[in-house]
1. Sort out for me the Cα centre separation of the stretch 209-270 from the stretch 119-159, rounded to whole Å.
2. From the helices alone, meaning DSSP H stretches of at least four residues, give me the mean residue ellipticity at 222 nm for the chain, per-run term -39500 (n - 2.57), in deg cm²/dmol to the nearest 500.
3. Express the relative contact order of the chain as a whole percentage, based on alpha carbon pairs under 8 Å and six or more residues apart in sequence.
4. Under the rule that a partner needs its Cβ under 4.7 Å from the first Cβ, which Cys of the chain have none?
5. I want to make sure I understand the PRE zone here: with the label point 7 angstrom from the Cα of TYR57 toward its beta carbon, which residues in the stretch 15-30 have backbone N atoms less than 18 Å away?
6. Where is the GNM fluctuation largest for the chain (alpha-carbon springs, 10 angstrom cutoff): TRP150, TRP115, TRP48?
7. Along each of its three principal axes, how wide is the spread of alpha-carbon positions in the stretch 129-175, in whole angstrom units, largest first?
8. Largest first and in whole Å, give the semi-axes of the stretch 4-272's equivalent ellipsoid, each being the square root of 5 times a Cα gyration tensor eigenvalue.
Amino acid sequence: MFSRQALKPYLAEFLGTALLIVIGDGVVAQCLLSDYQYGTWLSINLAWASAVCLSSYLSDPSPTINPAVTLCVALVRPSQGQWKTIPGKLVAQFLGGFVGAALVYINYRSAINAWDPEYTIPGGSILSPSGHHSAGIFCTYPANFFESNWEAVFSEVLGSAVLMFGSFSISDSRNSNRFPAPQLSVFLLLLSIGAALGWQTGYALNPARDFGPRLFSAILYGREVFTAANFYFFVPLLAPIAGCIIGATTYDAMLFEGDGSRVTDALDKAEGQGSLRLVD
């Protein structure tokens, strides 16, 4: 028998990710389905940032609700027994994304049927006479002016790197006096990323945020949600992991002075051995 206390970290990841999608995909649905009469790009950014902020209150320590962040922290700043919990947390995150998308669809089903009765996908084979593509409510698709998906990869890696770099800065113990409310700081971080880097790819930054809802949308729109835009789904699934590792490594290599970082420990060891000194 599993106790509720033992399950709490996994339940927090599941519920936090589901909350993220209900609010995040929900605001996208409201904007699109109302033809932006009841929402703007600003409201989309505000809602996604608020969802991440609110989810961080579900447990202590806060759930990451992001497989890229979960894996990145385990790789860069490992702790004892951490890897044992990762499979369960990843499953909880992806399942939360799936369930959250299902709830959004149930809530907006009639509106989707009226706005996009063909159930079309951006860049898909089925064309909408009205030019509407409701599949974009649930997961991200690239801007149609990209010459290749590598441009989208760069955008997602950059956004994820900024996310992880900023998160490490906020959580740094040296900044506890300057960031007395870390949840608010995370809100501002996400809002800034969305406003500055979100337009071209929809700033997934989170494999569970994209793949969980995409898997649900395949029930409605078919397998083309995976093959569209030259198998674009791989970009938001993998690029955030690389971006988070880059952002975390950059922060720890240049600014972090605490303990527990593989990057900082390796640099300290190299400096102690004099391997970074130039030889005349």
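1. Here the two parts' Cα centres lie 19 Å apart.
2. Computed ellipticity for the chain at 222 nm equals -22000 deg cm²/dmol.
3. Computed value for the chain: 26 percent relative contact order.
4. CYS31, CYS53, CYS139
5. Answer for the stretch 15-30: 15-24.
6. TRP150
7. 56, 23, 10
8. 33, 19, 17
Since every read-out is calculated from the coordinates, none of them should be taken as a lab result. As the structure is a prediction and not an experimental result, all values here were calculated from the model. Note: ideal-geometry Cβ built from the backbone for every residue, glycine included; neighbour counts use all protein chains shown.
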